[in-house]
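Each remark here refers to the structure printed beneath this line.
The values are calculated or read from the model by the stated rules, or taken from the named source; none is laboratory data. Quick caveat, the model's predicted, so the values are computed rather than measured. So basically every Cβ, Gly included, is an ideal-geometry build from the backbone, and we count neighbours across all protein chains shown. What goes into the accessible areas is simple: the full protein's heavy atoms, side chains included, and nothing from ligands, DNA or RNA. Shrake-Rupley method; radii C 1.70, N 1.55, O 1.52, S 1.80 Å.
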Amino acid sequence: MPVLCRPAVAVPEHVITREETLDLARALHADHERLPLVLRLIENTGVAKRHLVQPIGRTLAHPGFEARNATYETEAKARVPAVVAEALRNAGLQAHDIDLIVYVSCTGFMMPSLTAWMINNLGFRADTRQLPVAQLGCAAGGAAINRAHDFCAAYPGAHVLIVACEFCSLCYQPTDLTVGNLLSNGLFGDAVAAAVVRGSGGTGVRLERNGSHLVPGTEDWIAYRVRETGFHFLLDQRVPGTMEQLAPALVDLAARHGRDAGRQDFYLVHAGGPRILDDLSKHLDVVPDQFRFSRATLTEYGNIASAVVLDALRRLFDEGGAADGATGLIAGFGPGITAEISLGSWTRDPSAPPCEGPSRDLPRDTPLDTRPDTRPATCHDTPPDTPLGPPLTTTATVTP
């Protein structure tokens with residue numbers, strides 16, 4: 001069965017703390033009639049800091065949609081290659097071994113997709129399939145894992161690369177002053193993540209079943225309005241309560257495959273906010289500590305959209321992984337309202353012990369052959385001359 005290997009994750013070098021976010025909100029929106037509510041909501045997000053792809057001054061200055069999208073393309077091309085290189089090493093593969101690239105992002109637009117640029121510049125074969133996903137928002141991380149699983153099931157032995165590139169700070173809109181938008185300005189962050197789904201071999205989550213569920217009548221609860229100034233994020237006040245509708249879908253999928261959704265050994269779920277995790281814990285009757293990986297992502301990086309589930313998995317690896325055969329649930333939630341759900345179990349490749357230790361934040365222009373290597377010598381390695389291009393920088397973005 002396909003195995004989801006250890007992800008690589010990088011966040012940008014520009015950091016904004018919760019205290020700085022609150023100070024900016026007070027300074028920029030001093031006359032807002034609901035400012036006390038906004039400040040309280042931001043304080044309750046559980047987000048301690050976020051990373052931004054640009055300094056906060058440039059993030060706040062809106063140069064227009066064209067300039068914002070140009071920044072997205074420039075930063076993606078600068079930051080994706082090193083993350084991809086690390087994900088391939090983690091899986092013991094090289095670029096030419098990959099049969100499909102699934103690229104997910106909802107914070108910028110390119111046509112052709114970044115997948116075409118990756119194939120042309122990072123050593124992938126010309127016949128590598130491409131699957132860019134742009135409109136599933138935060139659910140896209142789970143969807144990418146599921147589509148990779150489907151592809152490997154259809155083409156036994158194939159390998160899939162997943163890349164999630166989210167620069168949420170590029171969607172900051174200074175004229176959007178609803179409570180939902182101001183809350184979002186203190187919730188979302190920037191990150192790039194990548195992981196390989198191996199068709200055979202590997203250490204990580206053996207993907208066994210997957211499914212999708214859409215909550216009827218909720219299309220406008222999480223949405224974009226595309227205007228002259230770019231993507232305007234809409235967040236309905238009912239969104240935090242969606243676990244009441246989505247938890248039964250997780251329970252049903254698990255039951256159909258002989259699993260109890262509330263009795264899994266590990267959980268890797270999208271952390272849209274603290275209430276999502278709290279409600280999921282309640283509805284599944286799961287102790288809150290089971291969501292510690294997702295909660296740590298939220299605290300340290302904010303809501304990094306489609307990259308959350310990959311970062312949660314990275315944290316599970318950092319903890320040493322799970323026992324061989326331990327069962328788990330992966331879930332991404334996003335617009336629609338959509339849930340992308342996967343069931344799996346932990347497997348270890350006896351020939352390659354898991355690479356432990358946290359992913360490193362890499363300076364943007366560090367050459368691949370000079371990056372520090374702290375992984376155990378027993379981990380799979382890609383030859384240093386593999387044509388993967390310049391490494392990526394650490395970046396993070398959050399709006400005040």
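Annotations
- √(5λ) per eigenvalue of the Cα gyration tensor, the stretch 163-275, largest first, Å: 31, 20, 12
- The length gained by stretching the chain between Ala154 and Asn120 to full extension, at 0.36 nm per residue less their Cα-Cα distance, is 9.7 nm.
- The slack in the chain from Ala61 to Arg275, taken as 0.36 nm per residue of separation less the alpha-carbon distance, amounts to 73.9 nm.
- Rounded percent of accessible protein surface that carbon and sulfur make up, the stretch 1-146, 1.4 Å probe: 54
- Average Cα contact separation per residue, the chain, under 8 Å, 6 or more apart, as relative contact order %: 30
- Solvent-accessible area assigned to carbon and sulfur over the stretch 248-294 amounts to 48 percent, based on a 1.4 Å probe.
- Check: the stretch 263-341 dipole with +1 on Lys, Arg Cβ and -1 on Asp, Glu Cβ, in debye: 160
- Note on Arg238 and Gln130: their simple-model spin labels are 3.8 nm apart, each label 7 Å out from Cα toward Cβ.
- Highest-MSF residue in the chain out of Gly273, Gly202, Gly123 [GNM, Cα springs under 10 Å]: Gly123
- The stretch 58-199: C-alpha pair distances exceeding 28 Å, %: 22
- Here the spin labels are modelled as points 7 Å beyond Cα on the Cα-Cβ line, and at Thr175 and Asp285 they lie 5.2 nm apart.
- Accessible surface ranking for Trp221, Trp346, 1.4 angstrom probe, highest first: Trp221, Trp346.
- Cα→Cβ-extended label distance, 7 Å offset, between His96 and Thr299, nm: 4.5
- Between Thr175, Thr59, Thr21, the GNM of the chain built on Cα springs shorter than 10 angstrom shows Thr175 fluctuating the most.
- Mean projection area, nm², convex hull over Cα of the stretch 1-51: 5.7
- Set against the 2.2 N^0.38 Å expectation for a compact globular protein, the chain has a Cα radius of gyration ratio of 0.92.
- Average accessible surface for the chain: 38 Å² per residue, computed with a 1.4 Å probe over protein heavy atoms with every protein chain in place.
- The sum of -39500 (n - 2.57) across all DSSP H runs of n ≥ 4, divided by the residue count of the chain, sets its helix-only mean residue ellipticity at 222 nm to -9500 deg cm²/dmol.
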